[in-house]
1. Which one of ALA136, ALA178, ALA196 is modelled with pLDDT of 95 or more and either out of contact with any Pro (no Cβ under 8 Å at 6 or more places or on another chain) or more than 30 Å from VAL7 (Cβ to Cβ) (or both)?
2. Which one is modelled with the lowest pLDDT, of the residues in the range 81-91 that are crowded, with 16+ Cβ neighbours inside 10 Å and touching a Leu at 6+ places or on another chain (Cβ under 7 Å)?
3. If we scan the range 135-156, do we find a residue that is in a helix (DSSP H, G or I), hydroxyl-bearing (Ser, Thr, Tyr) and not assigned by TED's automatic domain parsing to the domain that holds GLU27?
4. So, of the residues in the range 17-49 that are over 24 Å from the mean Cα position of the chain (by Cα) and in a loop (DSSP other than H, G, I, E, B), which turns out to be surrounded by the most Cβ atoms within 10 Å (Cβ to Cβ)?
5. Could you list, in sequence order, the residues of the range 181-200 that are assigned to a loop (DSSP other than H, G, I, E, B) and closer than 16 Å to SER130 by Cα?
6. Contact list please: Cβ distance under 6 Å, first residue in the range 50-73 and assigned to a helix (DSSP H, G or I), second residue surrounded by fewer than 16 Cβ atoms within 10 Å (Cβ to Cβ) and not polar (S, T, N, Q), pairs at least six apart or on different chains.
7. Output the number of the condition that VAL195 fails; it satisfies all remaining conditions of (1) β-branched (Val, Ile, Thr); (2) touching a residue at least 12 places away in the same chain (Cβ under 8 Å); (3) assigned by TED's automatic domain parsing to the domain that holds PHE28.
Amino acid sequence: MTTDATVFVVDDDASVLRAISRLLRSEFVVEAYDSPLPFLEAVRPETPGCILLDLALPGVSGLELQERLTASGCCQPIVFLSGHGSVRTSVQAMRAGALDFIEKPWENDTLLETVRRALQRDHEMRTRRSTSDSIARRVASLTPRESEVFRHVIAGRLNKQIAARLGTAEKTIKVHRARVMHKMSVRSVAELTRVAEMAGVRPEP
């Protein structure tokens, strides 16, 4: 898990905010906010972390704030805290992407473990996005002919079969194939096929 992750805590109850911050700061970097607006101005989607969000906030509900965060591209896992929770509200929050829903008063061990799990989820999501972005850049670096060869290779065709399909020399296909393998940073057709699946590249029929 990344060590520069931040736990953003948003709760309008000053005593709750102090208690949660004191507990979490024993293990995590914490930023505490007593209202939605300062939090929205300060939250940084690019920063690894998670959000502990009170359900009943002044001016905007926790669910509405969750919607705004999602719309703005903020993907940090959200854990709702509430003393006014209901089954219906919990379901709404979870369906909208919340990681968990904790009732007040909370158990310290439960809250700490939930935050650990949220930060781990954030780390895993960022790793997947980074990998996907890297693969997308590699695919974009291929020339049109290399892209064609790529799709034929993952279809399981030999160089001579690809050459016949594309109407070119086998040695030319061999060169293109080598370039594809180099640009995609793979050493085998099996690896190339896995990368293709991640990038959504389909084999040539």
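1. ALA178
2. The residue in question is GLY85.
3. Yes, because at least one residue in the range 135-156 is in a helix (DSSP H, G or I), hydroxyl-bearing (Ser, Thr, Tyr) and not assigned by TED's automatic domain parsing to the domain that holds GLU27.
4. That would be ASP34.
5. Result: MET184, SER185, GLY200.
6. These pairs meet every condition: GLN66/ALA96.
7. That leaves (3) as the condition not met.
The values are calculated or read from the model by the stated rules, or taken from the named source; none is laboratory data. All figures in this text were calculated on a predicted structure; none of them were measured in a lab. As a convention, Cβ positions derive from the backbone with ideal geometry for all residues, glycine included, and neighbour counts pool all protein chains shown.
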